[in-house]
Amino acid sequence: MSDVLLGVDPREPPVPALLWAADEAERRGARLRLVSAVPPVHDRLWNDALAHRSSLRIRALSALADAEELVRDLHDEPWTVAELVDGPPATVLRDATAGAALAVVGARRLGRAAEFLGEDSVAVPLAARAHCPVVVVRQPEHTAVHPPRIVVGVDGSADCRAAVEFAMAEASLREVALTAVWVWPRPVFVHEDAEEGLAERRRLLAEAVAGCAERYPDVHVERIVVRGHPVEELTRVSGEALAVVVGRRGSGGYSGMRLGCTVHGLLHHADCPVIAVPLPPADGAGGADGAATGAGRARRRTDRPAQGP
């Protein structure tokens with residue numbers, strides 16, 4: 001059974017992300033894997049660096065123990081494992097996503113420069129480079145809205161198909177509805193045939209979700225075509241969603257290119273958790289469907305992190 005991976009930042013305990021990850025692990029019957037990374041220390045003399053690194057490790061171990069205790073308080077017999085790893089957090093977590101069902105992190109509201117250049121940056125580089133879907137919990141789910149629903153952004157591309165597959169499987173797992181949203185940019189030319197264009201996009205949207213809908217007949221799917229900017233419109237509907245699911249671009253380029261402007265914008269503005277879904281491997285192994293499913297119940301245990309200097 002694939003793990004649900006949670007990145008634990010000892011400086012800012014990711015309580016909303018931890019709650020999301022623990023609930024998701026229980027739904028899937030999966031192990032919750034808590035990982036905290038101790039970054040290298042470059043700006044101190046050798047003796048100071050050694051003491052500072054030891055202090056960071058102690059804080060990280062404490063954060064992992066607190067996270068495990070909170071999970072035990074919320075869920076019966078949680079199956080967890082906690083790990084303390086040396087290295088830049090984004091790199092450590094990216095490597096840990098190999099074989100995981102999904103990864104969950106909080107968001108620290110860093111500035112744009114720090115997102116790309118700082119060692120503290122985690123959410124953007126992880127969402128851009130992880131081997132599995134990444135959930136960024138900046139805002140909580142809207143559980144009081146009925147009927148509960150997951151939103152998926154659709155544009156007809158290959159990465160959008162992977163996102164639809166994941167969103168459909170997640171909606172089935174949670175027994176909630178799915179809203180598929182196609183955002184149609186406003187016209188550049190005034191003579192554009194709006195009615196014809198709207199009909200075409202409704203057809204494309206129906207085609208994009210048809211195959212998945214057949215595989216998940218238990219999921220009620222609402223299809224919406226709206227005009228506007230993708231980030232603005234998806235942010236608007238995120239105000240009543242459990243999560244917004246969007247596809248990640250390819251594997252080349254820097255973080256922003258990998259994510260695409262829509263995903264990057266939603267990480268800053270969405271009013272609920274954002275799930276960035278990568279394309280499945282070229283050979284078809286694994287993929288969004290395999291990552292999204294796995295709801296069978298599993299035996300649970302608690303493994304303590306190894307103590308270290």
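The values are calculated or read from the model by the stated rules, or taken from the named source; none is laboratory data. Remember, predicted model here, so these are calculated numbers, not experimental data. Ideal geometry is used to build each Cβ from the backbone, glycine not excepted, and the neighbour counts take in all protein chains shown.
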Expected single match for at pLDDT 75 or above and either assigned to a loop (DSSP other than H, G, I, E, B) or more than 21 Å from Gly153 (Cβ to Cβ) (or both) among Leu279, Leu266 is Leu279
Can you confirm whether segment 54-76 contains a residue that is in contact (Cβ under 8 Å) with a residue 40 or more places away in the chain, of a type in the set (D, E, K, R), under 19 Å from Ala123 (Cα atoms) and not assigned by TED's automatic domain parsing to the domain that holds His268? no
Could you say whether any residue in segment 187-197 is surrounded by 13 or more Cβ atoms within 10 Å (Cβ to Cβ) and of a type outside the set (Gly, Ala, Ser)? no
Any residue at all in segment 125-140 that is at pLDDT 85 or above and farther than 30 Å from Pro39 by Cα? no
Which pairs have Cβ atoms under 6 Å, sit 6 or more apart or on different chains, and link a residue in segment 142-158 that is more than 13 Å from Gly239 (Cβ to Cβ) and of a type in the set (Gly, Ala, Ser) to one that is modelled with pLDDT of 95 or more and not in a loop (DSSP other than H, G, I, E, B)? Gly153/Val181; Gly153/Leu234; Gly153/Val246
Taking the options Ala167, Ala163, Ala180, name whichever one is surrounded by 19 or more Cβ atoms within 10 Å (Cβ to Cβ) and either in contact with an Asp or Glu (Cβ under 9 Å, 6 or more places away or on another chain) or among the charged types (D, E, K, R) (or both). Ala180
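Return yes when Leu56 is farther than 19 Å from Val135 by Cβ and surrounded by 14 or more Cβ atoms within 10 Å (Cβ to Cβ) and no when it is not.
Working: farther than 19 Å from Val135 by Cβ: yes; surrounded by 14 or more Cβ atoms within 10 Å (Cβ to Cβ): yes.
Yes.
Quick one: how many residues across segment 25-56 are assigned to a loop (DSSP other than H, G, I, E, B), touching a His at 6+ places or on another chain (Cβ under 7 Å) and modelled with pLDDT of 90 or more?
As a first pass, look at segment 25-56 and keep what is assigned to a loop (DSSP other than H, G, I, E, B): 29-31, 39-45.
So of that shortlist, the ones also touching a His at 6+ places or on another chain (Cβ under 7 Å) come out as 41, 44.
Add one more test, that the residue is modelled with pLDDT of 90 or more, and what stays is none.
Here the count works out to 0.
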